[in-house]
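Colleague: Attaching a single structure in structure tokens format; questions to follow.
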Number of protein chains: 2
Amino acid sequence: MATSAPSSSSGDPDPSSTNLRPPLSAYDSWCGVAHGCTRKLGLKICGFLQKNNNYEEKSRIGGSLKDRQTSKTLFSWENSDSQLRRTETDFSNLFARDLLPAKNGEEQTIQFLLEVVDILTNYVHKTFDRTTKVLDFHHPHQLLEGMEGFNLDLSDQPESLEQILVDCRDTLKYGVRTGHPRFFNQLSSGLDIIGLAGEWLTSTANTNMFTYEIAPVFVLMEQLTLRKMREIVGWPGGEGDGIFSPGGAISNMYSVMVARYKYFPEVKTKGMSAAPKLILFTSEHSHYSIKKAGAALGFGVENVILLKSDERGRVIPADLEAKIIAAKQKGHVPLFVNATAGTTVYGAFDPINEIADLCEKYNMWLHVDGAWGGSLLMSRKHRHKLSGVERANSVTWNPHKMMGVPLQCSAILVREKGLLEGCNQMCAGYLFQQDKQYDVSYDTGDKAIQCGRHVDIFKFWLMWRAKGTIGFEQHINKCLELAEYLYNKIKDREGYEMVFQGEPQHTNVCFWYIPPSLRGMPDCEERHERLHKVAPKIKALMMECGTTMVGYQPQADKVNFFRMVVSNPAATKSDIDFLIEEIERLGQDL
Amino acid sequence: MATSAPSSSSGDPDPSSTNLRPPLSAYDSWCGVAHGCTRKLGLKICGFLQKNNNYEEKSRIGGSLKDRQTSKTLFSWENSDSQLRRTETDFSNLFARDLLPAKNGEEQTIQFLLEVVDILTNYVHKTFDRTTKVLDFHHPHQLLEGMEGFNLDLSDQPESLEQILVDCRDTLKYGVRTGHPRFFNQLSSGLDIIGLAGEWLTSTANTNMFTYEIAPVFVLMEQLTLRKMREIVGWPGGEGDGIFSPGGAISNMYSVMVARYKYFPEVKTKGMSAAPKLILFTSEHSHYSIKKAGAALGFGVENVILLKSDERGRVIPADLEAKIIAAKQKGHVPLFVNATAGTTVYGAFDPINEIADLCEKYNMWLHVDGAWGGSLLMSRKHRHKLSGVERANSVTWNPHKMMGVPLQCSAILVREKGLLEGCNQMCAGYLFQQDKQYDVSYDTGDKAIQCGRHVDIFKFWLMWRAKGTIGFEQHINKCLELAEYLYNKIKDREGYEMVFQGEPQHTNVCFWYIPPSLRGMPDCEERHERLHKVAPKIKALMMECGTTMVGYQPQADKVNFFRMVVSNPAATKSDIDFLIEEIERLGQDL
């Protein structure tokens, strides 16, 4: 077996215990901080506060550790020794009400959070360990009945913190390790440590993107990052607009809304009855969110016209033009074309330039759904696959897919400034006051269809800082190399058939595994029926064994096939080899 | 000054340092776990794995700490001592590429994450410390120019982990402490420790809600929690449907979509032109998201009819009936009424029963927007304010507001089963295969307008476990008591005028502060103009001092007034007193 799994057996900690750690006299984080630091510099105090309180604004000093240790005797925390030392804690007699803001809740709070972090760091460690299962599969009824005491019920009375810690362990135990090197099931996979740290900080900051007032740093980070993304798309100076939204489907929905607003702004006020019948075009291989948007926004699914694709899943521009003309002949108005950069199943890139020519010719909005493939813009080697993207009016790009940013992180970029706001603005007086003391153009909330908006930017910004553009590029190139490796490995291998011929454009490798019992059977209905059942059966066995996960689906007249994708930074060639061996092991007797 | 702030001065750690902790020989989390545990029980191994790997499925054992310590000599981790001990780490020479999944990246990973946790727990601690500022205000241009070296730029090359840690500290330093006991600016406030732990776990699990396949535990938690919420709404047996969405605005949008689908299902296919002109009704005090939904979904804002409210902000049912009749006379079809349970500014509860009578009479969909006020259903004392809610067809309820769940956590509940799915289903073959090995009715993704969906349930479920229903009830009752305290304190106090008379229904207390210079001035245009500027000016000063934050806004013909709300579990009467003193301090000379 070609796998790099170490031969050691590593045991899970006992999930029912809460006091695993032996007494550690100096295990303490706040304490450490308190000892190593503090000084007063750059004191700036409001008049009132000066009299009544001890507000301090500390500025950063670049002093060495030694300097700081010297200073501790001058400015040590009054409460550091008594409250912040790590101690054995009996959580069975503690409850949520004993944590901060409870009086004297500091110690329990830090002990509890450290215990949680212990569980999480253990999980992180095991996630990357190939001797750990990807999942420990159970059916819904099994989990609902209570696995070994794992009880999901909610009750009137509180549970102890000990039970809460057990719940945390159990939740992870029965979940799926999406960061495992052998998890290939979704376009989003991997567990980026910087991104994880970013999410932990985001949760701790617990704020909301609608105004600069309560999210000054995050609002600016979003603005700078969106500009950078627009530069990479190729819009001069990174000009334009954009927003992070809760996923690619919503980003695509934004593109349709903005297109409608651009051409028929009166729809905002008067509704769809103010416009003629508007037609949206997207390929039969495109993501279903365009149809969802068509249904939700009042266009109707039958006015979302599906375009034919070639055998590789790329839209056929001539079919688009024929359908534009047909729509116009019916008196309908072709409004919007979605070109997909990286289709969900085949990973195909529609020919953007040819589509852009037609959009210009017929005065239509061009959207590029790069939820999956947009990230290839970060790679000098692969960005040519999106050639023409700079001609798009809007672009969806999900860093939470190919760039490994934790879920969720999706951007909608719009070339023309002001449309997002014009389209969605409702001028709520209680949020977007115009008489604030700062430049209120930074209050971005009125661009959104949401009111409150989760902070999705920080983890992405932090990852970009930590990896640099070059780090993302390397990751993307590596994933594409792994996909190429898989393609070359199986394209002529006995027992495999490729769903489409030629090297994949993205990391999607689509193939059938043909069990020995079907090899040599003529291409007939019976073979189709039996082959259709192979991928689901292998997938079910994989999940029951917990060894790996990969997706499958039918597509049009093609029976169920595997769709392998690589976006996980932890994956190596050995994991690709493992997948193939696993498919053969589980499928050989089907 | 009536405040419980301790008189001690507590210094921030030096934000530029990364090695604050003195060498601690036993500071180690994984190591502790490794020592205290492990055993093999319930071994279940796939045939192949048995030969090639050491997959184990451990079951929980209930042994005491002593038992576990005894067992460690038998099953200690092979790698525990070498890799998992806390060490002084120089992050200036480490980069993201040195962390897991990098070879031998375990130690750096744990050290880095522990350093981040150190920053975060320090932040948590300070958040509850009243000697800490709520915010350290800077204008956008100041932050963009680089505050004391805080640089937001993204570059091609990676930054060291030391710089990443500095970035984390700076991000928190220049942000807003929304969990601070004196942060009253939004409906969402507070920093719940259990919820925080839940979010940290959610980020670590990094999965997606669309299928049971990759989120088995979270999908079941969502289902059970939604059922519980529906029971509390009063739907028999908790029957019905629902989903967690990215905020109250989207939840409200769902309600409009589902109502349209119920009465005019053909709109999904044919678009809005298949339906007559459909009218939505909502009060002039309701949240702007109903108008946003009207605009986005193709109804048009002018078909969202605003209803008159009484002086307390509650909708006037007679006005609704008059407007229903007027719409019908124009040949339009009244489709949907939104009753607000807890308006954003006044905290008013619309009379649901009277509105429900009209909805039944005219065969309309009744939605209750309880984003803010829905949580009062958890309080036996206050739930009568939503009397009639069980007659609603759909309910929005945001646990991230009054229940203190970290952002984001919003539910849309629908009384009739199947509508959400019918409305949004697109049957994507690559996600929602019908030939999976488990009961695919648990794949909830096709109910959503999103494709991927963030896991918002876990933190809420965990908080419910930790507090019990009774814990939420106590929190809600306490917040309402604090609001009552504020109301009683200022209603007859010199220099205050209430925006509406009588005790508030929710925690919203709306008032003008009248500076001495305006007291006694007759009610004229000049007074209006000057009073309009008072709240923004005080707010600006508050933010510059960083002492507290409270919202203000105009409403219809009423000039800017303060809207105080309480949802923060950390707030006490002393914080209310502080707010009033602060307003008077900052406003006395205006």
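Colleague: Looking at A:K533, A:K539, which one is buried (at least 22 other Cβ atoms within 10 Å of the Cβ), among the basic types (K, R), at negative phi and within 11 Å of another protein chain (Cβ to nearest Cβ)?
Modeller: Answer to the check: A:K539.
Colleague: Which numbered condition trips up B:G429, out of (1) out of contact with any helix residue (DSSP H, G or I) (no Cβ under 8 Å at 6 or more places or on another chain); (2) buried (at least 19 other Cβ atoms within 10 Å of the Cβ); (3) farther than 30 Å from B:W200 by Cα?
Modeller: (2)
Colleague: Please pick out the residue among B:L201, B:L226, B:L220 that is at pLDDT 95 or above, crowded, with 24+ Cβ neighbours inside 10 Å, touching a helix residue (DSSP H, G or I) at 6+ places or on another chain (Cβ under 9 Å) and part of a helix (DSSP H, G or I).
Modeller: Of B:L201, B:L226, B:L220, the one residue that is at pLDDT 95 or above, crowded, with 24+ Cβ neighbours inside 10 Å, touching a helix residue (DSSP H, G or I) at 6+ places or on another chain (Cβ under 9 Å) and part of a helix (DSSP H, G or I) is B:L201.
Colleague: Under 8 Å between Cβ atoms, which residue pairs at least 6 apart in sequence (or on different chains) link something in the range A:391-404 that is under 13 Å from A:P246 (Cα atoms) with a partner that is part of a strand (DSSP E or B) and among the β-branched types (V, I, T)?
Modeller: Every condition considered, the pairs that remain are A:T396/A:V368; A:T396/A:I412.
Colleague: Can you tell me which residue among A:F472, A:F458 is among the hydrophobic types (A, V, I, L, M, F, W, C), within 30 Å of B:A296 (Cα to Cα) and buried (at least 17 other Cβ atoms within 10 Å of the Cβ)?
Modeller: Answer to the check: A:F458.
Colleague: For B:I457, state whether it is facing chain A (nearest Cβ under 9 Å) and among the hydrophobic types (A, V, I, L, M, F, W, C).
Modeller: No, not satisfied.
Colleague: Does B:I449 satisfy the condition of being part of a strand (DSSP E or B), within 24 Å of B:G247 (Cβ to Cβ) and among the β-branched types (V, I, T)?
Modeller: It is false that B:I449 is part of a strand (DSSP E or B), within 24 Å of B:G247 (Cβ to Cβ) and among the β-branched types (V, I, T).
Colleague: Please go through the range A:366-383 and give me each residue that is under 13 Å from A:Q505 (Cα atoms) and touching a Ser or Thr at 6+ places or on another chain (Cβ under 8 Å), ordered by number.
Modeller: Correct list: A:W372, A:G373, A:G374.
Colleague: Would you confirm whether any residue within the range A:522-532 is in contact (Cβ under 8 Å) with a residue 60 or more places away in the chain and either over 27 Å from B:Y212 (Cβ atoms) or of a type outside the set (D, E, K, R) (or both)?
Modeller: No, the range A:522-532 contains no residue that is in contact (Cβ under 8 Å) with a residue 60 or more places away in the chain and either over 27 Å from B:Y212 (Cβ atoms) or of a type outside the set (D, E, K, R) (or both).
Colleague: With B:L358, B:L377, B:L386 as the choices, which residue is within 30 Å of B:G179 (Cβ to Cβ) and out of contact with any Lys or Arg (no Cβ under 9 Å at 6 or more places or on another chain)?
Modeller: The match here is B:L386.
Colleague: From the residues in the range B:199-208 that are touching a residue at least 24 places away in the same chain (Cβ under 8 Å) and within 7 Å of another protein chain (Cβ to nearest Cβ), which one is nearest to the chain's Cα centre (by Cα)?
Modeller: B:E199
Colleague: I've got another one for you. State whether one or more residues within the range B:168-185 are at pLDDT 95 or above, within 9 Å of another protein chain (Cβ to nearest Cβ), assigned to a loop (DSSP other than H, G, I, E, B) and surrounded by fewer than 24 Cβ atoms within 10 Å (Cβ to Cβ).
Modeller: Among the residues of the range B:168-185, at least one is at pLDDT 95 or above, within 9 Å of another protein chain (Cβ to nearest Cβ), assigned to a loop (DSSP other than H, G, I, E, B) and surrounded by fewer than 24 Cβ atoms within 10 Å (Cβ to Cβ), which makes the answer yes.
Colleague: Still on this structure: Tally time: how many residues in the range B:563-590 are among the small types (G, A, S), under 13 Å from B:Y485 (Cα atoms), out of contact with any Pro (no Cβ under 7 Å at 6 or more places or on another chain) and surrounded by 20 or more Cβ atoms within 10 Å (Cβ to Cβ)?
Modeller: Final tally of qualifying residues: 0.
Colleague: What single numbered condition from (1) more than 7 Å from chain A (Cβ to nearest Cβ); (2) surrounded by 24 or more Cβ atoms within 10 Å (Cβ to Cβ); (3) among the hydroxyl-bearing types (S, T, Y); (4) out of contact with any Phe, Trp or Tyr (no Cβ under 8 Å at 6 or more places or on another chain) fails to hold for B:T211?
Modeller: That leaves (4) as the condition not met.
Colleague: With within 14 Å of chain A (Cβ to nearest Cβ) and farther than 23 Å from B:S375 by Cβ as the only criterion, which of B:K436, B:K478 stands out?
Modeller: B:K436
Colleague: Here is a further query. State all residues of the range B:274-287 that are crowded, with 24+ Cβ neighbours inside 10 Å and within 27 Å of the chain's Cα centre (by Cα); if no residue qualifies, say none.
Modeller: Answer for the range B:274-287, where residues must be crowded, with 24+ Cβ neighbours inside 10 Å and within 27 Å of the chain's Cα centre (by Cα): B:L280, B:F281, B:T282, B:S283, B:H285, B:S286, B:H287.
Colleague: Could I ask something else about it? Please go through the range A:542-560 and give me each residue that is farther than 22 Å from A:M402 by Cα and either within 8 Å of another protein chain (Cβ to nearest Cβ) or in contact (Cβ under 8 Å) with a residue 24 or more places away in the chain (or both), ordered by number.
Modeller: A:M542, A:M543, A:E544, A:C545, A:G546, A:T547, A:P554, A:Q555, A:A556, A:K558, A:V559, A:N560
Colleague: Then there is this: Would you pick out the residues in the range A:261-280 that are touching a residue at least 60 places away in the same chain (Cβ under 8 Å) and in contact with a Phe, Trp or Tyr (Cβ under 8 Å, 6 or more places away or on another chain)?
Modeller: A:K262, A:Y263, A:K268
Colleague: Oh, and also: Determine whether B:Q163 is at pLDDT 95 or above, outside any loop (DSSP other than H, G, I, E, B) and more than 8 Å from chain A (Cβ to nearest Cβ).
Modeller: no
Colleague: Among the residues of the range B:495-513, which ones are in a loop (DSSP other than H, G, I, E, B) and charged (D, E, K, R)?
Modeller: Residue satisfying the conditions is B:E503 alone.
Colleague: List pairs: first in the range A:421-432 and more than 9 Å from every other protein chain (Cβ to nearest Cβ), second assigned to a helix (DSSP H, G or I) and aromatic (F, W, Y), Cβ under 7 Å, 6+ apart or cross-chain?
Modeller: That search, which allows pairs on different chains as well, returns A:G422/A:Y261.
Colleague: Looking at the range B:120-129, which of its residues are of a type outside the set (V, I, T), more than 7 Å from chain A (Cβ to nearest Cβ) and out of contact with any Ser or Thr (no Cβ under 6 Å at 6 or more places or on another chain)?
Modeller: If the condition is that a residue be of a type outside the set (V, I, T), more than 7 Å from chain A (Cβ to nearest Cβ) and out of contact with any Ser or Thr (no Cβ under 6 Å at 6 or more places or on another chain), then B:D129 is the only one that fits.
Colleague: Could you check the range B:381-407 and list, in sequence order, the residues that are charged (D, E, K, R), over 23 Å from the mean Cα position of the chain (by Cα) and either within 30 Å of B:S203 (Cα to Cα) or assigned to a loop (DSSP other than H, G, I, E, B) (or both)?
Modeller: If the condition is that a residue be charged (D, E, K, R), over 23 Å from the mean Cα position of the chain (by Cα) and either within 30 Å of B:S203 (Cα to Cα) or assigned to a loop (DSSP other than H, G, I, E, B) (or both), then B:K381 is the only one that fits.
Colleague: Sticking with this one: For residues that are buried (at least 17 other Cβ atoms within 10 Å of the Cβ) and either among the polar types (S, T, N, Q) or touching a Pro at 6+ places or on another chain (Cβ under 7 Å) (or both), tally how many sit in the range B:319-332.
Modeller: The qualifying residues number 2.
Colleague: Say we look at the range A:186-198 and pick out the residues that are part of a loop (DSSP other than H, G, I, E, B) and facing chain B (nearest Cβ under 7 Å); which of these is nearest to A:G374 (Cα to Cα)?
Modeller: Top of the filtered list is A:S188.
Colleague: Scan the range A:449-486 residue by residue and report those that are under 29 Å from B:P406 (Cβ atoms), small (G, A, S) and out of contact with any helix residue (DSSP H, G or I) (no Cβ under 6 Å at 6 or more places or on another chain).
Modeller: Correct list: A:G452 only.
Colleague: Out of everything in the range B:88-132 that is within 32 Å of the chain's Cα centre (by Cα) and of a type in the set (S, T, Y), what residue ends up being nearest to A:R130 (Cα to Cα)?
Modeller: B:T109
The values are calculated or read from the model by the stated rules, or taken from the named source; none is laboratory data. Just so it is clear, the model here is predicted, and its values are computed rather than measured. Heads up, the Cβs are rebuilt from the backbone with ideal geometry, glycines too, and the neighbour counts pull from every protein chain shown.
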